[in-house]
Every structure is written in structure tokens, then in C-alpha cells.
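The values are calculated or read from the model by the stated rules, or taken from the named source; none is laboratory data. What you see is a predicted model; the values in this text were computed from it and never measured. All Cβ positions, glycine included, derive from the backbone under ideal geometry; neighbour counts span all protein chains shown. Just the protein is used for accessible areas: all its heavy atoms, side chains included, with ligands, DNA and RNA removed. Shrake-Rupley method; radii C 1.70, N 1.55, O 1.52, S 1.80 Å.
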Amino acid sequence: MMWPPSIIRLRIVDNGRKKIRLWLPLFLIWPLVLVLATGLLPIVLLVTLIGWGPGKVKAVVQAGAALCSAVCYLRGLTVEVRGEGDEVLVSVR
Amino acid sequence: MSEARRRILQMVADGKLTVAEAEELLAATETRRSDAETGPEDEAAEVPTKSRSRYLRVVVEPSEENPRGDRVNVRIPLGLIRAGVKFGALLPAQARSKVSDALKEKGMDVDWHRMKPDDMDELIDHLAELTVDVDSGTEKVRVFCE
């Protein structure tokens, strides 16, 4: 079972002075996204069916699934760059 | 017809392999099959266990002569690359050609139209064996899977 990322950690240090440290709790957003997606999905599929025909509905469903899996696979992504006095860290957990 | 043989022939039909390359691959497949027929013990000894790497790592470290250099540590989940390719396969043909043109401008002359998710799986499986070590004197660059 794949789970979406729960926290994004962001740390930016500019020349040793400006410091930004953020912990973004994504796990608080996912229930809201789930509710919105569940509500919007039938409308999106209906609009696609009427506007573009049944062939595109499959593409929209596949695109949605691919997007979900891409978001889930973000878990574990880490980008860390450290220079003299500067630092950037983006970590998805 | 075996699955491997069918895939090789399909890749020739798709224009991904030349006839000479396909011949080599088919010969290698036949050799493996004949090895397998010699006995299960031999086969077990020959076939390495496939390691399931999860991340592509890029690490840049300053060398001892340049300790103040930049440090880079990037960890990319391989599943994200797979998912990206699957997502890219859903792009309309016009958008794909634009993406290819943009990549070409950046020096990546790869024909993404022909890249299928199955090919990417194969490529990622083989990435597990990849290790790149570059020591330029001022910094060390390592690219590997873990």
C-alpha cells in the first residue's frame, strides 16, 4: 500500500543569517483533498464524457492515477545543497 | 516463443534495436537457456539475485584539498521516475514533441515518444548496477542506486 507523503521539511539558510525552517504537515491536507476529489470526480468525468467523448474519460482516469502515484512516490525525495554559509534542504517524508 | 525472444523481436519491429544487436541478444538468451537446461543448481549459481534499489543518489563532496566547496546530496525515489514516465506517456502527441524539443535545446537528445513504461522499468532495474565516480580534484561526484 502506497501512502502519500506526510511531511515536507524545508530549511533555507542564506549567508548564515536568514534562516527559514518549515515543517509542512501534509497529512492534514490529505483528508480535505480526498473529500474534494471524491466530490469532483463524478463532475469531471461527466464533463469529459460530454465534452470530449468516452475515449478521453479513460485518459483522464489514467492521468489521475498516474498523478496520485507520482505524489505517493515523492516520499523519500531529498535535495540538500550546502555551501559556505548557505544551505538548502527539501525533504519529503 | 519465449517472452524474452518475443520482446527482442518486438523491439526490432519498433526500431529500437538493429538486427545485429537483436542477434547478439538472442544468442545471449539461447546461451542462458542452455545453461538453465544443465541443471537447477548451475542456474542458481549463475543468476544473480536482483537487488531492488529504491533511490537514485547523487552526492557531490568537496575533496580534501578544497574543504570549503559545496556539498550536494540528492535522493530521488526510483518509483517517482517510473511514475513520471507513466504520466508523460499520457501527454498528447503535440505536447510530447514540445517537451522533446525543449529537452533537445538543453542537450538531451532522447526520443521520448518511443519510451514506454515497460522500457523504463527495464532501464531502472539496470540502474541498480550503475555507479559513477568522478574525482575532479576539487570535488568528488558519485551517482549510484541504493
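The table for this structure:
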| quantity | calculated |
| --- | --- |
| Simple spin-label estimate for B:V141 and A:V88 in nanometres, 7 Å along Cα-Cβ | 1.7 |
| Sites B:R71 and A:I50 - FRET efficiency at Förster radius 41 Å, r taken between beta-carbons, to 0.05 | 0.15 |
| Accessible surface, 1.4 Å probe, highest first, among residues A:Y73, B:Y55 | A:Y73, B:Y55 |
| Set of lysines with alpha-carbon distance to B:K104 below 25 Å, sequence-local pairs under 8 removed | B:K16, B:K86, B:K116 |
| Calculated FRET value between B:E129 and B:V59, using beta carbons and R₀ = 30 Å, to 0.05 | 0.95 |
| Counting all C-alpha pairs of the protein assembly as shown, share separated by more than 27 Å (%) | 58 |
| Filtered trypsin sites (Lys or Arg not before Pro), the stretch A:6-78: DSSP coil and at most 16 other beta carbons within 10 Å | A:R17 |
| Anisotropy class of chain A from Cα gyration tensor, a/c 1.5 cut | prolate |
| Cα→Cβ-extended label distance, 7 Å offset, between B:Q94 and B:L26, nm | 4.2 |
| Point-to-point label distance, B:R7-A:W3, nm (Cα→Cβ direction, 7 Å offset) | 3.3 |
